[in-house]
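Let me begin by presenting the structure, written as C-alpha coordinates, before commenting on it.
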Amino acid sequence: MSTHQEFLRGLPKMEMHLHLEGSIRPSTAAALAHQNNVMLPPHDKVEDLYHYRDLKEFLDIYTAVSDSVLSADDYRRITYEMLESCASNNARYVEFFFSPQVHFVHGVSFDTMIGGITTGMDDAKADFGVESRIVPGVNRELGPAAGEELLDMILARKEERLIGIGLDFLEAPFPPEPYGDLFARARKAGLKVTAHAGESGPAAYIAGSIDALGVRRIDHGYHVVTDEALMRRCRDEGILFTCCPSTAAVTSPWTVLDADHPIRKMADFGLRLTINSDDPPMFSTDLGEEYRKAHDLLGFSPDMLRRSILDGIEGSWLDDGEKRALSVDWAREIDALIAEFRSIPSLST
Ligand code: ADE
Ligand code: ZN
(Lines give C-alpha, C1' and ligand atoms only; values in the text may rest on other atoms or scores of the structure.)
(Ligands and ions follow the chains in the order given, each with its own letter.)
Protein backbone atom coordinates (compact mmCIF):
# COMPACT_ATOMS: atom_id res chain seq x y z
CA MET A 1 0.00 0.00 0.00
CA SER A 2 1.58 3.25 -0.96
CA THR A 3 -0.87 5.99 -1.82
CA HIS A 4 -3.42 7.68 0.37
CA GLN A 5 -6.12 6.29 -1.91
CA GLU A 6 -5.06 2.84 -0.89
CA PHE A 7 -5.14 3.88 2.75
CA LEU A 8 -8.71 5.10 2.31
CA ARG A 9 -9.76 1.97 0.45
CA GLY A 10 -8.15 -0.15 3.18
CA LEU A 11 -10.28 1.32 5.96
CA PRO A 12 -12.89 -1.20 7.20
CA LYS A 13 -16.24 0.27 6.24
CA MET A 14 -19.94 0.24 6.94
CA GLU A 15 -22.26 0.91 3.98
CA MET A 16 -25.56 2.19 5.31
CA HIS A 17 -27.04 4.09 2.41
CA LEU A 18 -27.05 2.04 -0.75
CA HIS A 19 -29.90 1.22 -3.13
CA LEU A 20 -29.99 -2.22 -4.75
CA GLU A 21 -31.46 -0.98 -8.03
CA GLY A 22 -29.14 2.03 -7.99
CA SER A 23 -26.24 -0.44 -7.89
CA ILE A 24 -27.05 -2.06 -11.23
CA ARG A 25 -23.95 -1.88 -13.41
CA PRO A 26 -24.44 -0.50 -16.93
CA SER A 27 -23.43 -3.83 -18.47
CA THR A 28 -25.95 -5.67 -16.26
CA ALA A 29 -28.68 -3.14 -17.08
CA ALA A 30 -28.09 -3.81 -20.79
CA ALA A 31 -27.98 -7.58 -20.30
CA LEU A 32 -31.19 -7.72 -18.23
CA ALA A 33 -33.05 -5.40 -20.61
CA HIS A 34 -32.03 -7.62 -23.55
CA GLN A 35 -32.84 -10.88 -21.75
CA ASN A 36 -36.26 -9.66 -20.55
CA ASN A 37 -37.23 -7.74 -23.70
CA VAL A 38 -37.51 -4.46 -21.84
CA MET A 39 -36.87 -1.16 -23.63
CA LEU A 40 -34.48 1.19 -21.89
CA PRO A 41 -34.84 4.91 -22.70
CA PRO A 42 -33.10 5.83 -25.99
CA HIS A 43 -29.30 5.80 -25.65
CA ASP A 44 -26.11 5.03 -27.56
CA LYS A 45 -24.08 3.39 -24.82
CA VAL A 46 -25.84 2.33 -21.59
CA GLU A 47 -23.35 4.43 -19.63
CA ASP A 48 -24.86 7.47 -21.37
CA LEU A 49 -28.14 6.81 -19.55
CA TYR A 50 -26.46 7.51 -16.23
CA HIS A 51 -26.45 11.31 -16.54
CA TYR A 52 -28.99 13.62 -14.87
CA ARG A 53 -29.38 17.19 -13.75
CA ASP A 54 -31.43 16.61 -10.61
CA LEU A 55 -33.19 14.07 -8.38
CA LYS A 56 -36.26 13.87 -10.61
CA GLU A 57 -34.26 13.04 -13.75
CA PHE A 58 -32.21 10.52 -11.79
CA LEU A 59 -35.30 8.77 -10.38
CA ASP A 60 -36.75 8.41 -13.90
CA ILE A 61 -33.64 6.52 -15.04
CA TYR A 62 -33.48 4.55 -11.78
CA THR A 63 -37.07 3.42 -12.39
CA ALA A 64 -36.49 2.62 -16.07
CA VAL A 65 -33.46 0.45 -15.25
CA SER A 66 -35.33 -1.21 -12.37
CA ASP A 67 -38.07 -2.23 -14.80
CA SER A 68 -35.83 -4.90 -16.32
CA VAL A 69 -35.29 -6.77 -13.03
CA LEU A 70 -37.98 -9.45 -13.10
CA SER A 71 -37.00 -12.98 -12.04
CA ALA A 72 -35.60 -14.25 -8.73
CA ASP A 73 -32.34 -14.90 -10.55
CA ASP A 74 -32.23 -11.27 -11.75
CA TYR A 75 -32.49 -10.15 -8.11
CA ARG A 76 -29.85 -12.66 -7.07
CA ARG A 77 -27.50 -11.32 -9.74
CA ILE A 78 -27.86 -7.64 -8.92
CA THR A 79 -27.59 -8.32 -5.17
CA TYR A 80 -24.45 -10.40 -5.63
CA GLU A 81 -22.83 -7.81 -7.90
CA MET A 82 -23.70 -4.97 -5.53
CA LEU A 83 -22.16 -6.81 -2.57
CA GLU A 84 -19.12 -7.81 -4.61
CA SER A 85 -18.47 -4.14 -5.24
CA CYS A 86 -18.99 -3.33 -1.54
CA ALA A 87 -16.53 -6.04 -0.55
CA SER A 88 -13.94 -4.81 -3.04
CA ASN A 89 -14.07 -1.46 -1.21
CA ASN A 90 -13.70 -3.19 2.15
CA ALA A 91 -17.30 -2.63 3.20
CA ARG A 92 -17.90 -5.49 5.60
CA TYR A 93 -21.42 -4.71 6.77
CA VAL A 94 -24.12 -3.36 4.45
CA GLU A 95 -27.67 -2.19 5.14
CA PHE A 96 -29.18 -1.71 1.70
CA PHE A 97 -32.46 -0.33 0.36
CA PHE A 98 -34.52 -1.76 -2.43
CA SER A 99 -37.68 -0.48 -4.12
CA PRO A 100 -40.34 -3.22 -4.17
CA GLN A 101 -43.10 -0.92 -5.39
CA VAL A 102 -41.31 -0.25 -8.67
CA HIS A 103 -41.48 -3.97 -9.43
CA PHE A 104 -45.06 -4.66 -8.31
CA VAL A 105 -46.20 -2.74 -11.38
CA HIS A 106 -44.68 -5.53 -13.50
CA GLY A 107 -46.37 -8.31 -11.53
CA VAL A 108 -43.26 -9.40 -9.63
CA SER A 109 -44.17 -10.81 -6.21
CA PHE A 110 -42.48 -9.72 -3.01
CA ASP A 111 -41.49 -13.35 -2.36
CA THR A 112 -39.75 -13.58 -5.75
CA MET A 113 -37.76 -10.45 -4.92
CA ILE A 114 -36.79 -11.52 -1.42
CA GLY A 115 -35.99 -15.08 -2.55
CA GLY A 116 -33.54 -13.78 -5.16
CA ILE A 117 -32.08 -11.11 -2.92
CA THR A 118 -31.42 -13.44 0.01
CA THR A 119 -29.76 -15.98 -2.30
CA GLY A 120 -27.50 -13.20 -3.60
CA MET A 121 -26.73 -12.20 0.00
CA ASP A 122 -25.88 -15.80 0.94
CA ASP A 123 -23.64 -16.21 -2.10
CA ALA A 124 -21.86 -12.90 -1.42
CA LYS A 125 -21.36 -13.82 2.22
CA ALA A 126 -19.83 -17.15 1.20
CA ASP A 127 -17.61 -15.65 -1.50
CA PHE A 128 -16.60 -12.29 0.02
CA GLY A 129 -17.46 -12.52 3.72
CA VAL A 130 -19.71 -9.45 3.50
CA GLU A 131 -22.64 -9.30 5.93
CA SER A 132 -25.83 -7.52 4.82
CA ARG A 133 -29.41 -6.58 5.75
CA ILE A 134 -32.40 -5.57 3.61
CA VAL A 135 -34.34 -2.31 4.02
CA PRO A 136 -37.34 -1.99 1.68
CA GLY A 137 -37.94 1.65 0.83
CA VAL A 138 -41.49 3.02 0.91
CA ASN A 139 -42.00 5.19 -2.17
CA ARG A 140 -43.34 8.47 -0.74
CA GLU A 141 -44.80 9.44 -4.12
CA LEU A 142 -47.31 6.55 -3.97
CA GLY A 143 -49.07 7.42 -0.71
CA PRO A 144 -49.46 5.73 2.69
CA ALA A 145 -52.07 3.14 1.63
CA ALA A 146 -49.64 1.57 -0.85
CA GLY A 147 -46.96 1.69 1.84
CA GLU A 148 -49.26 -0.14 4.27
CA GLU A 149 -49.71 -2.94 1.72
CA LEU A 150 -45.95 -3.20 1.40
CA LEU A 151 -45.58 -3.36 5.18
CA ASP A 152 -48.08 -6.23 5.31
CA MET A 153 -45.89 -8.18 2.89
CA ILE A 154 -42.72 -7.41 4.82
CA LEU A 155 -44.23 -8.62 8.08
CA ALA A 156 -45.77 -11.72 6.46
CA ARG A 157 -42.42 -12.79 5.03
CA LYS A 158 -40.80 -13.23 8.45
CA GLU A 159 -37.27 -12.93 7.08
CA GLU A 160 -35.04 -11.72 9.87
CA ARG A 161 -32.65 -9.97 7.50
CA LEU A 162 -35.57 -7.74 6.48
CA ILE A 163 -34.50 -5.44 9.24
CA GLY A 164 -36.30 -2.13 8.69
CA ILE A 165 -38.00 0.24 6.30
CA GLY A 166 -37.01 3.50 4.65
CA LEU A 167 -38.84 6.34 2.90
CA ASP A 168 -37.51 7.50 -0.44
CA PHE A 169 -38.15 8.88 -3.94
CA LEU A 170 -39.04 12.50 -4.62
CA GLU A 171 -39.21 14.63 -1.47
CA ALA A 172 -41.28 17.73 -2.20
CA PRO A 173 -44.26 17.83 -2.33
CA PHE A 174 -44.39 14.61 -0.35
CA PRO A 175 -43.70 15.48 3.32
CA PRO A 176 -43.15 12.70 5.86
CA GLU A 177 -46.14 13.31 8.16
CA PRO A 178 -48.75 11.24 6.27
CA TYR A 179 -46.51 8.21 6.85
CA GLY A 180 -46.68 8.51 10.66
CA ASP A 181 -49.14 5.65 11.24
CA LEU A 182 -47.31 3.35 8.86
CA PHE A 183 -43.97 3.97 10.56
CA ALA A 184 -45.52 3.57 14.01
CA ARG A 185 -46.89 0.15 12.98
CA ALA A 186 -43.50 -0.85 11.57
CA ARG A 187 -41.71 0.19 14.76
CA LYS A 188 -44.26 -1.63 16.90
CA ALA A 189 -43.65 -4.78 14.86
CA GLY A 190 -39.92 -4.52 15.63
CA LEU A 191 -38.67 -3.01 12.40
CA LYS A 192 -36.04 -0.27 12.42
CA VAL A 193 -36.86 2.93 10.55
CA THR A 194 -35.05 5.57 8.55
CA ALA A 195 -36.10 8.23 6.03
CA HIS A 196 -34.62 10.19 3.16
CA ALA A 197 -35.02 13.85 4.10
CA GLY A 198 -33.32 17.18 3.50
CA GLU A 199 -31.62 16.00 0.30
CA SER A 200 -33.63 18.12 -2.12
CA GLY A 201 -36.39 18.87 0.41
CA PRO A 202 -36.36 21.43 3.27
CA ALA A 203 -35.07 21.13 6.83
CA ALA A 204 -38.71 20.84 7.97
CA TYR A 205 -38.81 17.37 6.39
CA ILE A 206 -35.91 16.33 8.61
CA ALA A 207 -37.70 17.54 11.75
CA GLY A 208 -40.93 15.98 10.45
CA SER A 209 -39.24 12.63 9.94
CA ILE A 210 -37.86 12.64 13.47
CA ASP A 211 -41.15 13.78 15.04
CA ALA A 212 -43.80 12.05 12.94
CA LEU A 213 -41.94 8.91 11.88
CA GLY A 214 -39.83 8.32 14.97
CA VAL A 215 -36.58 7.92 12.98
CA ARG A 216 -33.19 8.28 14.64
CA ARG A 217 -31.51 8.19 11.29
CA ILE A 218 -31.80 10.55 8.34
CA ASP A 219 -30.67 9.62 4.85
CA HIS A 220 -28.82 12.62 3.33
CA GLY A 221 -30.14 15.50 5.48
CA TYR A 222 -27.95 18.26 4.03
CA HIS A 223 -30.63 20.94 4.53
CA VAL A 224 -30.09 20.62 8.28
CA VAL A 225 -27.40 23.30 7.86
CA THR A 226 -30.13 25.83 7.02
CA ASP A 227 -31.66 25.54 10.52
CA GLU A 228 -29.25 25.96 13.39
CA ALA A 229 -31.77 25.06 16.09
CA LEU A 230 -32.43 21.80 14.29
CA MET A 231 -28.69 21.18 13.99
CA ARG A 232 -28.36 21.56 17.75
CA ARG A 233 -31.30 19.28 18.31
CA CYS A 234 -29.91 16.58 16.01
CA ARG A 235 -26.55 16.82 17.74
CA ASP A 236 -28.12 16.58 21.19
CA GLU A 237 -30.30 13.65 20.19
CA GLY A 238 -27.49 11.82 18.39
CA ILE A 239 -29.35 11.59 15.07
CA LEU A 240 -27.23 9.77 12.48
CA PHE A 241 -27.00 11.19 8.96
CA THR A 242 -26.08 8.83 6.12
CA CYS A 243 -24.35 11.15 3.64
CA CYS A 244 -23.45 10.45 0.02
CA PRO A 245 -21.06 13.03 -1.50
CA SER A 246 -21.42 12.21 -5.22
CA THR A 247 -25.21 12.16 -5.08
CA ALA A 248 -25.30 15.34 -3.02
CA ALA A 249 -23.43 17.12 -5.80
CA VAL A 250 -26.32 16.37 -8.19
CA THR A 251 -29.52 16.04 -6.18
CA SER A 252 -29.03 18.77 -3.56
CA PRO A 253 -28.52 22.51 -4.10
CA TRP A 254 -24.89 22.14 -2.91
CA THR A 255 -23.19 20.92 -6.06
CA VAL A 256 -19.60 21.83 -5.16
CA LEU A 257 -17.82 19.34 -2.97
CA ASP A 258 -15.38 21.38 -0.90
CA ALA A 259 -14.75 22.39 2.71
CA ASP A 260 -17.85 24.64 2.63
CA HIS A 261 -20.16 21.78 1.74
CA PRO A 262 -22.94 20.91 4.23
CA ILE A 263 -21.47 17.44 4.79
CA ARG A 264 -18.28 19.02 6.12
CA LYS A 265 -20.25 21.61 8.10
CA MET A 266 -22.35 18.85 9.64
CA ALA A 267 -19.23 16.99 10.71
CA ASP A 268 -17.58 20.14 12.08
CA PHE A 269 -20.72 20.94 14.06
CA GLY A 270 -20.48 17.55 15.75
CA LEU A 271 -23.34 15.77 14.00
CA ARG A 272 -22.99 12.03 13.69
CA LEU A 273 -22.65 11.03 10.07
CA THR A 274 -21.43 8.25 7.80
CA ILE A 275 -20.01 8.30 4.27
CA ASN A 276 -21.92 6.13 1.79
CA SER A 277 -22.34 5.58 -1.94
CA ASP A 278 -26.17 5.62 -2.53
CA ASP A 279 -26.42 4.55 -6.21
CA PRO A 280 -22.76 4.03 -7.09
CA PRO A 281 -22.60 3.10 -10.81
CA MET A 282 -25.41 5.53 -11.52
CA PHE A 283 -23.23 8.33 -10.17
CA SER A 284 -19.95 6.89 -11.54
CA THR A 285 -18.62 6.13 -8.10
CA ASP A 286 -18.09 3.45 -5.47
CA LEU A 287 -17.65 3.52 -1.70
CA GLY A 288 -13.87 3.90 -1.90
CA GLU A 289 -14.31 6.86 -4.23
CA GLU A 290 -16.79 8.46 -1.79
CA TYR A 291 -14.15 8.18 0.94
CA ARG A 292 -11.62 9.73 -1.44
CA LYS A 293 -13.98 12.64 -2.10
CA ALA A 294 -14.63 13.03 1.63
CA HIS A 295 -10.89 13.26 2.23
CA ASP A 296 -9.63 15.10 -0.85
CA LEU A 297 -12.57 17.44 -1.51
CA LEU A 298 -14.50 17.84 1.74
CA GLY A 299 -11.28 17.80 3.74
CA PHE A 300 -12.15 14.99 6.15
CA SER A 301 -9.04 14.07 8.13
CA PRO A 302 -8.26 10.42 8.93
CA ASP A 303 -9.56 11.07 12.46
CA MET A 304 -12.84 12.44 11.10
CA LEU A 305 -13.21 9.36 8.90
CA ARG A 306 -12.45 7.17 11.90
CA ARG A 307 -15.15 8.91 13.87
CA SER A 308 -17.69 8.53 11.05
CA ILE A 309 -17.00 4.80 10.73
CA LEU A 310 -17.42 4.28 14.48
CA ASP A 311 -20.57 6.48 14.48
CA GLY A 312 -21.87 4.23 11.72
CA ILE A 313 -21.37 1.12 13.82
CA GLU A 314 -23.15 2.79 16.73
CA GLY A 315 -26.06 3.97 14.57
CA SER A 316 -26.36 0.70 12.67
CA TRP A 317 -29.05 -1.89 13.20
CA LEU A 318 -26.71 -4.57 14.46
CA ASP A 319 -27.51 -5.77 17.96
CA ASP A 320 -25.69 -4.22 20.90
CA GLY A 321 -23.23 -7.06 21.40
CA GLU A 322 -22.24 -7.04 17.73
CA LYS A 323 -21.83 -3.26 17.83
CA ARG A 324 -19.55 -3.41 20.83
CA ALA A 325 -17.35 -6.13 19.34
CA LEU A 326 -17.11 -4.39 15.98
CA SER A 327 -16.30 -1.00 17.56
CA VAL A 328 -13.40 -2.44 19.53
CA ASP A 329 -11.98 -4.44 16.61
CA TRP A 330 -12.33 -1.71 14.02
CA ALA A 331 -11.04 1.08 16.25
CA ARG A 332 -7.90 -0.97 16.74
CA GLU A 333 -7.60 -1.73 13.03
CA ILE A 334 -8.18 1.89 12.00
CA ASP A 335 -5.73 3.21 14.58
CA ALA A 336 -3.05 0.90 13.20
CA LEU A 337 -3.77 2.05 9.66
CA ILE A 338 -3.67 5.70 10.65
CA ALA A 339 -0.39 5.25 12.51
CA GLU A 340 1.12 3.43 9.55
CA PHE A 341 0.07 6.04 7.03
CA ARG A 342 0.45 9.28 8.99
CA SER A 343 3.71 9.62 7.16
CA ILE A 344 2.09 9.77 3.71
CA PRO A 345 2.56 13.40 2.63
CA SER A 346 -0.72 13.58 0.65
CA LEU A 347 -2.80 12.42 3.61
CA SER A 348 -4.31 15.42 5.39
CA THR A 349 -4.03 15.15 9.14
N1 ADE B 1 -33.72 6.35 -4.54
C2 ADE B 1 -32.48 6.04 -4.92
N3 ADE B 1 -31.62 7.05 -4.67
C4 ADE B 1 -32.37 8.03 -4.10
C5 ADE B 1 -32.07 9.32 -3.63
N6 ADE B 1 -30.83 9.81 -3.67
N7 ADE B 1 -33.08 10.06 -3.13
C8 ADE B 1 -34.32 9.57 -3.08
N9 ADE B 1 -34.67 8.35 -3.51
C10 ADE B 1 -33.69 7.59 -4.02
ZN1 ZN C 1 -30.71 7.15 -1.15
Point to revise | Any helices (runs of 4 or more DSSP H) falling wholly within the stretch 59-134 and containing at least 3 residues that are away from ligand 1 (no atom under 15 Å from the Cβ) and open to solvent by 10 Å² or more (accessible area, probe 1.4 Å) | key: 72-88, 110-128
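Mind listing whichever residues of the stretch 5-26 are over 16 Å from Ser66 (Cβ atoms), at pLDDT 85 or above and touching a helix residue (DSSP H, G or I) at 6+ places or on another chain (Cβ under 7 Å)? First the steps, then the outcome.
Initially, the stretch 5-26 is screened for residues over 16 Å from Ser66 (Cβ atoms), giving 5-17.
When the remaining residues are screened for being at pLDDT 85 or above, the result is 7-8, 10-17.
Listed by number, the residues that qualify are Phe7, Leu8, Gly10, Leu11, Pro12, Lys13, Met14, Glu15, Met16.
With respect to Ala325, is the statement that it is in a helix (DSSP H, G or I) and not basic (Lys, Arg) true? Give the derivation first.
Details: in a helix (DSSP H, G or I): yes; not basic (Lys, Arg): yes.
Yes: the conditions hold for Ala325.
Yes/no matrix, rows are residues, columns are (1) within 16 Å of Phe110 (Cβ to Cβ); (2) more than 16 Å from ligand 2 (Cβ to nearest atom); (3) not aliphatic (A, V, I, L, M):
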site	(1), (2), (3)
Pro144	no, yes, yes
Phe169	no, no, yes
Ile206	no, no, no
Thr226	no, yes, yes
Point to revise | Unmet requirement for Glu131, which otherwise passes all of (1) under 26 Å from Asp60 (Cα atoms); (2) without any contact (Cβ under 8 Å) to a residue 40 or more places away in the chain; (3) touching a strand residue (DSSP E or B) at 6+ places or on another chain (Cβ under 8 Å) | key: (1)
Exercise for review: Would you be able to tell me the number of residues in the stretch 296-326 that are open to solvent by 10 Å² or more (accessible area, probe 1.4 Å) and out of contact with any Gly (no Cβ under 7 Å at 6 or more places or on another chain)?
Suggested key: 21
Study note, to complete from the structure: Listed by first then second residue, the pairs whose first member lies in the stretch 335-349 and is modelled with pLDDT of 80 or more, whose partner is open to solvent by 60 Å² or more (accessible area, probe 1.4 Å), with beta carbons under 8 Å and at least 6 positions apart or on separate chains, are Asp335/Arg306; Ile338/Asp303; Ile338/Arg306; Phe341/Met1
Review point. How many residues does the stretch 44-58 contain that are open to solvent by less than 50 Å² (accessible area, probe 1.4 Å) and part of a loop (DSSP other than H, G, I, E, B)?
Key: 2
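The values are calculated or read from the model by the stated rules, or taken from the named source; none is laboratory data. Model, not experiment: these values are computed from the prediction. We place every Cβ from the backbone using ideal geometry, glycine too, and count neighbours over all the protein chains shown. In case anyone asks, the SASA skips ligands and DNA or RNA and just uses the protein heavy atoms, side chains included. Shrake-Rupley method; radii C 1.70, N 1.55, O 1.52, S 1.80 Å.
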